[in-house]
């Protein structure tokens with residue numbers, strides 16, 4: 001391309017409108033107009049003198065740049081306020097930026113007419129993360145930025161217009177949907193121990209009902225699914241499979257029993273499923289170090305047995321050899337017996353000695369052999385520790401009370417204390433009066449904060465049901481689980497729940513002792529409370545030390 005100053009090949013000077021000799025130059029048209037204007041001292045008013053637009057200083061371009069600067073400043077201010085006030089995890093939508101840009105453009109000065117300026121390249125603010133157009137189309141309308149909006153007012157308006165960050169978060173864990181978290185419980189709902197299963201279910205559903213009415217866990221309702229194993233280990237595996245494989249529960253809560261736990265725990269561990277707060281103090285749930293997926297609420301049977309033996313020896317003045325044990329013939333009975341032996345060994349300076357043990361078969365009330373063994377003793381016992389369920393325990397007391405009127409009967413919490421009191425009162429006040437029962441919760445008739453909360457919730461969600469130690473324990477267990485679920489957040493999975501439980505420190509429930517878990521501590525509470533039946537069939541608190 002030739003420059004304007006170069007002569008044409010035809011010999012014409014481009015600045016000479018009529019041609020002319022080669023080498024002379026012709027002015028550009030706008031220069032001719034300028035020369036004529038200078039020669040004419042009185043130019044016509046209707047005639048405008050065109051000015052050469054400097055390529056780099058066009059008023060059109062300057063106006064466009066000014067408008068763009070104002071628009072970008074408005075957008076940046078809007079986006080900055082939005083991100084300072086938006087919940088974590090939320091991103092601005094394209095519709096919000098477009099609205100802010102429109103408002104800013106309306107307020108910007110209008111540039112003079114002229115050739116269109118080239119479209120500027122927009123560089124996104126580092127704090128702005130655009131979302132997909134499809135998502136932007138679904139985003140709620142954002143309030144227009146107004147000059148009178150203070151940052152606080154604007155933050156409030158945007159927060160009200162935007163959904164919370166957790167509403168659309170989905171979990172892929174089994175038993176967890178957008179609206180529900182399912183837990184399973186294998187327990188007896190038939191057979192002699194069915195009242196225990198009913199009370200456990202009652203306590204859990206009372207706690208679940210309270211949290212569900214307050215919005216659930218991140219918008220999800222808690223649901224309990226139960227399976228009946230009749231307190232028979234031979235039925236427990238099928239119950240576990242039904243809950244986990246058919247009902248697709250997230251984890252297990254408050255399974256009942258020590259012998260059944262020998263079946264259910266291996267299944268839960270194999271599937272990496274949470275096994276929380278089983279109603280048992282057996283050592284199979286208290287390994288050192290603990291199994292990752294197994295957590296306990298209650299004190300162990302060894303701790304309860306130790307508390308009873310120490311009470312009988314140090315408070316009641318008995319010698320260890322005057323204490324006998326009635327046990328169920330299974331893991332429950334063995335756990336209680338081991339606890340008694342350990343306590344006696346500690347009191348004797350490391351020597352256990354002989355401990356008189358009687359037994360009966362699970363899911364029966366046939367204690368005749370045990371009574372016969374007791375009667376054969378040449379030196380009568382002064383106390384019997386009952387590691388039994390409530391019906392065979394009541395039957396044993398019935399058959400021996402008249403033979404040994406001064407006998408002290410002491411049971412651990414696994415007996416089902418309310419059921420025991422009811423059975424004994426049917427026999428008569430003399431059978432109930434003086435019977436000791438250790439507990440792993442405060443007294444149900446106490447004014448402890450957690451006991452009052454339990455009774456209020458029970459009256460609301462199970463009207464007509466009487467407070468009970470078993471349902472209170474289940475209520476406490478469920479509330480600790482609920483706290484762990486809250487801490488795990490909306491993207492729920494077993495590993496996250498376990499991690500959050502293991503980091504739970506000094507959780508206050510109004511229980512007395514605070515709840516503490518850790519990687520090496522999976523038992524929430526170690527405290528044992530003492531109670532004793534009076535002649536009216538009510539438990540009164542006693543000091544065990």
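For 468, 368, which order do you get if you count the other beta carbons within 10 Å of each Cβ and list the fewest first?
368, 468
Using a Förster radius of 30 Å, what is the FRET efficiency between residue 427 and residue 527 based on their Cβ-Cβ separation? Nearest 0.05, please. The partial results should precede the final answer.
Numbers: r = 31 Å, r/R0 = 1.04.
The computed FRET efficiency comes out at 0.45.
Taking the Cα centroid of the range 235-293 and of the range 330-355, what is the distance between the two, rounded to the nearest whole Å?
26 Å
Could the peptides 393-403, 471-481 be put in order, highest first, of the mean number of other beta-carbon atoms found within 10 Å of their residues? Present the calculation step by step, with values, prior to reporting the outcome.
Numbers: 393-403: 19.6, 471-481: 26.4.
Ranked by mean Cβ neighbours within 10 Å, highest first: 471-481, 393-403.
Just want the ordering: 325, 225, from fewest to most Cβ atoms lying within 10 Å of their own Cβ.
225, 325
Rounded, prolate or oblate: which fits the range 301-439, taking a ≥ b ≥ c as square roots of the Cα gyration tensor eigenvalues, rounded meaning a/c under 1.5, else prolate when a/b beats b/c?
On the way: a/c = 1.43, a/b = 1.37, b/c = 1.05.
Taking the square roots of the gyration eigenvalues as a ≥ b ≥ c, the range 301-439 is rounded.
Figure the gain on full extension for residue 262 and residue 520 (residue separation times 0.36 nm, minus the Cα-Cα span) and round it to one decimal in nm. Write down the numbers at each step before the final one.
On the way: separation 258, 0.36 × 258 = 92.88 nm, distance 2.12 nm.
Fully extending the segment from residue 262 to residue 520 adds 90.8 nm.
How far is the Cα center of the range 512-545 from the Cα center of the range 383-427, in Å?
About 20 Å separates the Cα centre of the range 512-545 from the one of the range 383-427.
Quick one: go through the range 455-490 and flag any residue whose amide nitrogen is under 20 Å from the point 7 Å out along the Cα-to-Cβ line of residue 536.
Inside the label zone: 455, 465-469.
Given axes a ≥ b ≥ c from the Cα gyration tensor, I'd like to know whether the range 174-241 is rounded (a/c under 1.5), prolate (a/b larger than b/c) or oblate.
Working: a/c = 5.42, a/b = 1.77, b/c = 3.07.
Oblate shape, in that a/c is at least 1.5 and b/c is the bigger or equal ratio.
Order of 500, 241 from fewest to most other C-beta atoms within 10 Å? Don't skip to the end; give the middle numbers.
Details: 500 17, 241 14.
Ranking 500, 241 by Cβ neighbours within 10 Å, fewest first, gives 241, 500.
Just check the range 367-428 against the gyration tensor rule for me: Cα atoms, a ≥ b ≥ c as the square roots of the eigenvalues, rounded for a/c under 1.5, and otherwise prolate or oblate depending on whether a/b exceeds b/c. Please list the in-between numbers first.
Numbers: a/c = 1.85, a/b = 1.66, b/c = 1.12.
Prolate, because a/c is 1.5 or more and a/b exceeds b/c.
So how far apart, in nm, are the two label points at residue 449 and residue 346 if each is 7 Å from Cα heading toward Cβ?
Taking the two extended label points, one gets 3.0 nm.
Where a number appears in this text, it was derived from the coordinates with a stated rule and is not lab data. Just so it is clear, the structure is predicted and the values come from calculations on it, not from any experiment. Every residue, glycine among them, receives a Cβ derived from its backbone with ideal geometry; neighbour counts consider all protein chains shown.
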